[in-house]
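Engineer: I am attaching a structure below and will ask some questions about it afterwards.
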Amino acid sequence: MAPIVHGFDWPDRLVIGTVGQPGERTFYIQARAGKQLVSVSMEKQQSAALAERIEEILDELMAEDGNPFSVPALTPEGLVDNDPLEQPIEEQFRAGAMGLGWDPTTAQLVIEAFPIIEVDAEELEVLDMDELEPEEVLVVRIPVGTARAFAKRTREVVGAGRPLCPLCSLPMDSDDHICELPEGFR
């Protein structure tokens, strides 16, 4: 059966936001076009990696001779979105694999999120990975200015969590942080 595609070709809004307190936050990528609103939960590391890779692609495109796709170096002021996630937040699915691509015909970045697919260990041995198809997928296409704004906001959301210990690089939950120094530093 073909998957349900939650497609957004020119969304009114695309953001990453969180619910919960630092250390217990749930990250969501949320897309809206008109009344259609889709929220997909994801890991903090997925959010950070997505923002980083978007920035890399935009910088590569901007460096092309003459910047043919008019990629902005900074977030366009009118595209800054610091508003919270839209309510109600109803998780469509939890993202497993994600994809990121570039469509030069429309000058848009394409973000894809696929749900985590759970299989029994017994099924894993006889499972044909080529035939494995998700029940649904999120596909969002955004222009370069929106992509720059999305990446900037995502970096800010990811960075707003618990501070990292300067010695062990692990999140510090409180003033009672017990530093777990690497072997070479003990």
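Engineer: Please go through segment 67-82 and pick out each residue that is hydrophobic (A, V, I, L, M, F, W, C) and assigned to a loop (DSSP other than H, G, I, E, B).
Structural biologist: Phe69, Val71, Ala73, Leu74, Val80
Engineer: Give me the residue from segment 14-29 that is under 14 Å from the mean Cα position of the chain (by Cα) and surrounded by fewer than 21 Cβ atoms within 10 Å (Cβ to Cβ) and, out of that set, farthest from Glu86 (Cα to Cα).
Structural biologist: Among those that are under 14 Å from the mean Cα position of the chain (by Cα) and surrounded by fewer than 21 Cβ atoms within 10 Å (Cβ to Cβ), it is Thr26.
Engineer: Identify the residue in segment 63-103 that is β-branched (Val, Ile, Thr) and surrounded by 13 or more Cβ atoms within 10 Å (Cβ to Cβ) and, among all such residues, is nearest to Phe27 (Cα to Cα).
Structural biologist: Of everything passing the filter in segment 63-103, Ile89 is nearest to Phe27 (Cα to Cα).
Engineer: In segment 97-113, what count of residues is obtained for those that are touching a strand residue (DSSP E or B) at 6+ places or on another chain (Cβ under 8 Å) and without any contact (Cβ under 8 Å) to a residue 24 or more places away in the chain?
Structural biologist: 3
Engineer: Restricting the search to segment 88-97, which residues are among the charged types (D, E, K, R) and more than 16 Å from the chain's Cα centre (by Cα)?
Structural biologist: Once the filter is applied, which keeps residues that are among the charged types (D, E, K, R) and more than 16 Å from the chain's Cα centre (by Cα), segment 88-97 yields only Glu90.
Engineer: Looking at Leu100, Leu85, which one is under 22 Å from Arg13 (Cβ atoms), modelled with pLDDT of 95 or more, under 16 Å from the mean Cα position of the chain (by Cα) and in a loop (DSSP other than H, G, I, E, B)?
Structural biologist: Being under 22 Å from Arg13 (Cβ atoms), modelled with pLDDT of 95 or more, under 16 Å from the mean Cα position of the chain (by Cα) and in a loop (DSSP other than H, G, I, E, B) holds for just one of Leu100, Leu85, which is Leu85.
Engineer: Could you check segment 25-60 and list, in sequence order, the residues that are part of a helix (DSSP H, G or I), in contact with a strand residue (DSSP E or B) (Cβ under 7 Å, 6 or more places away or on another chain) and closer than 18 Å to Gln108 by Cβ?
Structural biologist: Leu50, Arg53, Ile54, Ile57
Engineer: Filter segment 30-56 down to the residues that are farther than 14 Å from Arg155 by Cα and either in contact (Cβ under 8 Å) with a residue 60 or more places away in the chain or exposed (fewer than 14 other Cβ atoms within 10 Å of the Cβ) (or both) and list them by number.
Structural biologist: The answer is Ala31, Gly34, Lys35, Gln36, Val38, Val40, Met42.
The values are calculated or read from the model by the stated rules, or taken from the named source; none is laboratory data. Predicted model only: the values in this text are computed from it and were never measured. All Cβ positions, even for glycine, are placed from backbone atoms using ideal geometry, and neighbour counts span all protein chains on display.
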